[in-house]
1. Kindly list the number of the only condition in (1) crowded, with 20+ Cβ neighbours inside 10 Å; (2) farther than 20 Å from Lys304 by Cβ that fails for Ser399.
2. Tell me, yes or no, whether segment 123-135 has at least one residue that is crowded, with 22+ Cβ neighbours inside 10 Å and either farther than 30 Å from Asp193 by Cα or free of Cβ contacts under 8 Å to residues at least 60 places away in the same chain (or both).
3. May I ask you to list the residues in segment 26-49 that are over 13 Å from Pro88 (Cβ atoms) and in a loop (DSSP other than H, G, I, E, B)?
4. Tell me which residues, restricted to segment 266-296, are among the charged types (D, E, K, R), within 17 Å of the chain's Cα centre (by Cα) and assigned to a loop (DSSP other than H, G, I, E, B).
5. Select from segment 432-451 the residues that are modelled with pLDDT of 75 or more and either under 25 Å from Ala401 (Cα atoms) or in a helix (DSSP H, G or I) (or both) and list them in ascending order.
6. With the condition kept exactly as written, say whether any residue in segment 347-358 is in a helix (DSSP H, G or I), modelled with pLDDT of 95 or more and either touching a helix residue (DSSP H, G or I) at 6+ places or on another chain (Cβ under 7 Å) or hydroxyl-bearing (Ser, Thr, Tyr) (or both).
7. Would you point out the residue of segment 56-87, among those that are in a loop (DSSP other than H, G, I, E, B) and free of Cβ contacts under 8 Å to residues at least 60 places away in the same chain, that is farthest from Gly173 (Cα to Cα)?
8. Taking Pro148 and the conditions (1) within 19 Å of Leu9 (Cα to Cα); (2) in contact with a Pro (Cβ under 9 Å, 6 or more places away or on another chain), which numbered condition does it fall short on, given that it satisfies the others?
Amino acid sequence: MAFRPTIGLEIHAELRTKTKMFCNSKNDPDETRPNVNVCPICLAHPGTLPVVNREAVRHILRIGTAIGGSIADYTEFDRKSYFYPDIPKGYQISQYEHPLVSGGTLAGVAVTRVHLEEDTARSSHEGGKSVVDFNRAGVPLMELVTEPVIHDAETAGKFARELQLLLRTLGAGNANLEKGEMRIEANISVSRDDRFGTKVEVKNLNSFRSVERAIAFEVARQSACIDAGGTVVQETRGWDETKQETFAQRLKEGSADYRYFPEPDIPKFILSEIPEFSHETLEASLPELPWERRSRYAAAYGLKEADVAYVAAAGDRAAFFDAVAGALGENPDLVRLAANYLITDLGGIYAKQESERWDALDAEAFAKLIRMTAAGDLSSRGAKDTLAILVEQGGDPESIATEHGLIQVNDPEALGKVVETVIAQEPSAVAEYRTGKEAALQYLLGKAMKESRGAGNPQQFRELLAEKLKR
């Protein structure tokens, strides 16, 4: 009987606030100088007291509202004890029994809880010594825990991507994995029935691809271990990106090891007594959510699922698309054409540049390019060439196309002269077509497009060729 994987995710994401979680030190993830955004509170000097960051709490509650979670009435913070050099107090202020959010669903995966805690400092080890940068110590950190209801790596990756998009949509965080602003841990077990196997936690997953590959590797490793008569050990493992495999780090701690107890220096909260945290206020503050946007694109414009997913996968990309759709009068046919050029051509340009600059391109100019293409003023090739220049230099697409000779020729007389030239130059292809070889017509069409330097209307060329070759 095949093994059945069971996967749960624990995801941490730094929240976007002006100051840290319990003090007024600056929250700046782009600071490169070590130990400048620090104060006696986040350095855990004796006698200092934490004060809760209101905006961080609001971020968590908006996330909970967006996923349909239950917002706590009573909540409190707890001390989670462990002793690492990057924890100056010897404990982390977190939440245990009374999280801010319980339940909810995202990307079809049930969520257990979403709570708030403080981040640790950053340790680095090089040249035989270890150093600690406390700039990150005390930064507001969301922790989201899913139910163990994921059974394949693809679903886990999809969930993590959707959470990143939600955080960015809500303005709650940048969630850049490569900067450590979003950190994913996977709890993985395998069994031959519906019971849970021995859980192994995998850390150091700094890309969505790593999440999927680490889960696939760990499922295979655990399955092979059991098949060989071995026993899976409950432990924490890391992911080696170079070797594409997990490796043992330490035995996995349980909740009792952290000796949780209520944080005595922070008061308990009754959230229902805070008007801005009411369900109505939180719900009214939400923008269009990613799944709502995807549904709108499919319903309003008839976009294919893959096209919808691409356009809606980034907030600035979706904002540009919405601006273009508005400039096109929400015409479904024009919007679908715009989506095609945005995904295939504009997206291709940005992929080569390794940078998406959606706010640098004028949506009105892009919309005009689409209208010119739909009207036949630009061929597909002409539109691509005009777009490349538009991205590089800006300006007006009609002026660009005119200046570079990219305006499509629709004059029957001019096109007819090109066709006559091609027929005279290609007697063999003409003879083949007249003997029934349809492929010869496509060859002649290509020659006509080349003769016109890509400016001729291909449909008119085809019709003129077919007409003249009947004679």
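1. Failing condition for Ser399: (1).
2. The first filter runs over segment 123-135 and keeps only residues crowded, with 22+ Cβ neighbours inside 10 Å, leaving 135.
In the following step, the residues that additionally are either farther than 30 Å from Asp193 by Cα or free of Cβ contacts under 8 Å to residues at least 60 places away in the same chain (or both) were identified as 135.
Within segment 123-135, one or more residues are crowded, with 22+ Cβ neighbours inside 10 Å and either farther than 30 Å from Asp193 by Cα or free of Cβ contacts under 8 Å to residues at least 60 places away in the same chain (or both).
3. Let us first name the residues in segment 26-49 that are over 13 Å from Pro88 (Cβ atoms), namely 26-34, 36-37, 47, 49.
Across segment 26-49, the qualifying residues are Asn27, Asp28, Pro29, Asp30, Glu31, Thr32, Arg33, Pro34, Val36, Asn37, Gly47, Leu49.
4. Kept after step one, since they are among the charged types (D, E, K, R), are these residues of segment 266-296: 268, 273, 276, 280, 283, 288, 292-294, 296.
Now drop any that are not within 17 Å of the chain's Cα centre (by Cα), which leaves 288, 292-294.
Hit for segment 266-296 is Glu288, nothing else.
5. Scanning segment 432-451 gives Glu432, Arg434, Ala439, Ala440, Gln442, Tyr443, Leu444, Gly446, Lys447, Ala448, Met449, Lys450.
6. Taking segment 347-358 as the starting set, the residues that turn out to be in a helix (DSSP H, G or I) are 347-353, 358.
Narrowing further to those that are modelled with pLDDT of 95 or more: none.
No - not one qualifying residue is present in segment 347-358.
7. Residues of segment 56-87 in a loop (DSSP other than H, G, I, E, B): 67-69, 72-73, 76-77, 82-87.
Checking which are free of Cβ contacts under 8 Å to residues at least 60 places away in the same chain leaves us with 68-69, 83-87.
Numbers: Gly68: 19, Gly69: 19, Phe83: 28, Tyr84: 26, Pro85: 26, Asp86: 22, Ile87: 23 Å.
It comes out as Phe83.
8. (2)
The values are calculated or read from the model by the stated rules, or taken from the named source; none is laboratory data. Everything numeric in this text was worked out from a predicted model, so none of it was measured. Please note: Cβ atoms are built from the backbone with ideal geometry, for glycine as well, and neighbour counts cover all protein chains shown.
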